[in-house]
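Student: Provided herewith is a single structure, encoded as structure tokens, for subsequent inquiry.
The values are calculated or read from the model by the stated rules, or taken from the named source; none is laboratory data. Note that the coordinates shown come from a computational prediction; the quantities given were computed from them, not determined experimentally. Every residue, glycine as well, gets a Cβ built from its backbone with ideal geometry; the counts of neighbours run over all protein chains shown. Calculation scope for accessible area: heavy atoms of the full protein, side chains included, ligands and nucleic acids excluded. Shrake-Rupley method; radii C 1.70, N 1.55, O 1.52, S 1.80 Å.
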Amino acid sequence: MTAPRGLLLVVSSPSGAGKTTLCRRLIREHPELRFSISYTTRPPRPGEVPGADYHFVDEETFSHMAASGAFAEWAHVHGHRYGTAIATVRQALEAGGQVLFDVDYQGAERLKEQFPEAATLVFILPPSLSALQERLRRRGTEPAEVIQQRLRNAYQELCHHASYHYLIVNDDIDRAYGELEAVYLVARGDAPVHIAERARACSLAARGPLVQILLKEGERPHGTDPL
Ligand code: 5GP
């Protein structure tokens, strides 16, 4: 019998698009799927658990890890540094395990480059940029200028959608979850036909045109849109 193939399920989205909720549910319902705990120089937010949400480290520790090759990828995101431990990736691939990575587009593109056979990339989209702005406001964890920065970043991230294999629009959390689960099962290689069809409907080819509409919204002159 051949060893099971390791799977890297790489999920990105602009902040506020519902990625964390969707990823947590996928891990809860599929306990074999492990979460890659990133390293970050960002300070913990209230309620975040060190060693579970992130490994929170200082600048010096991060620099040392980066210089010694401890990261499969690392990037500056929203003014802080975030990195994926190479050990997490190696262990998953060697053991044929499944790991979920919550990384930005830079991390996703680097993981795809390095592990093209194992990486499946999923981008979670908000239904519109104004919906995203509203969600960030309601969440209330960031000050107004940080929200503006995150909206500008969202537009930049959307410009990288073509790097992803699948695009999921989170306008309904249950439907978006069903699509994410379908993509996971297909990537794992044991999806029945109807699930495979559901995943195919989220492919870049099928969903790409939707992103063009979102990008147009981001191009409107200041004052008529959230950017
Ligand atoms: P937050 O600070 O809101 O938890 O995350 C900010 C952004 O950093 C998110 O887009 C998240 O996906 C990204 N991120 C988290 N961990 C990593 C990582 O290890 N590498 C990269 N490239 N991005 C990460």
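Student: Once Rh is set to the Kirkwood radius over Cα pairs, what Stokes-Einstein translational diffusion coefficient, in µm²/s, holds for the stretch 1-140 at a temperature of 37 °C and a viscosity of 0.692 mPa s?
Tutor: The calculation lands on 206 µm²/s.
Student: Amide H neighbours of residue 85 under 5 Å, counting only residues 5+ apart in sequence or on other chains, H built in-plane at 1.01 Å?
Tutor: Correct list: 39, 72.
Student: Compute the signed sum of charges (Lys and Arg +1, Asp and Glu -1) over the other residues within less than 12 Å, Cβ to Cβ, of residue 5.
Tutor: -2
Student: Here is a further query. Can you compute the charge dipole magnitude of the stretch 53-121 about its Cα centre, using +1 on each Lys and Arg Cβ and -1 on each Asp and Glu Cβ, nothing else charged? Give it in debye, rounded to the nearest 20.
Tutor: 160 debye
Student: So with the 1.4 Å probe, I'd like the accessible area per residue for the stretch 51-174, rounded to whole Å².
Tutor: Value for the stretch 51-174: 47 Å² per residue.
Student: Now, a different point. Calculate how many DSSP beta bridges within the stretch 44-190 are antiparallel, expressed in % of all such bridges and rounded to the nearest 5. Write down the numbers at each step before the final one.
Tutor: Working: 6 of 11 bridges.
Restricted to the stretch 44-190, the bridges split so that about 55 percent are antiparallel.
Student: So what is the 222 nm mean residue ellipticity for the chain from helices alone, if each DSSP H run of at least 4 adds -39500 (n - 2.57) and you divide by all residues, rounding to the nearest 500 deg cm²/dmol?
Tutor: For the chain, the value works out to -14500 deg cm²/dmol.
Student: Separate question: Measure off, as a whole percent, the carbon and sulfur share of the 1.4 Å-probe accessible area of the chain, all protein chains present.
Tutor: Of all accessible area on the chain, carbon and sulfur atoms account for 53 percent.
Student: Rounded to the nearest 10 Å², what accessible area does residue 21 show when all protein chains are kept and the probe is 1.4 Å?
Tutor: Accessible area of residue 21: about 90 Å².
Student: Restricting attention to the alpha-carbon atoms of the stretch 127-195, what are Rg (one decimal) and Dmax (integer), both in Å?
Tutor: Cα only, the stretch 127-195: 15.3, 46 Å (Rg, Dmax).
Student: Okay, moving on. Got the relative contact order for the chain handy, in percent, Cα pairs under 8 Å and 6 or more residues apart? Intermediate results must be reported in sequence, preceding the final value.
Tutor: Details: 350 pairs, mean separation 59.4, N = 227.
Relative contact order comes out at 26 percent.
Student: Can you list the DSSP H helices in the chain whose Cα atoms extend at least 20 Å along the helix axis and whose mean Kyte-Doolittle hydropathy is -0.5 or higher?
Tutor: Helices meeting the span and hydropathy rule in the chain are 173-188, 204-219.
Student: Charges on Cβ only, +1 for Lys and Arg, -1 for Asp and Glu, centred on the Cα centroid of the stretch 168-216; of 168, 212, 202, which one is farthest towards the dipole's positive end?
Tutor: The residue sitting most towards the positive pole is 212.
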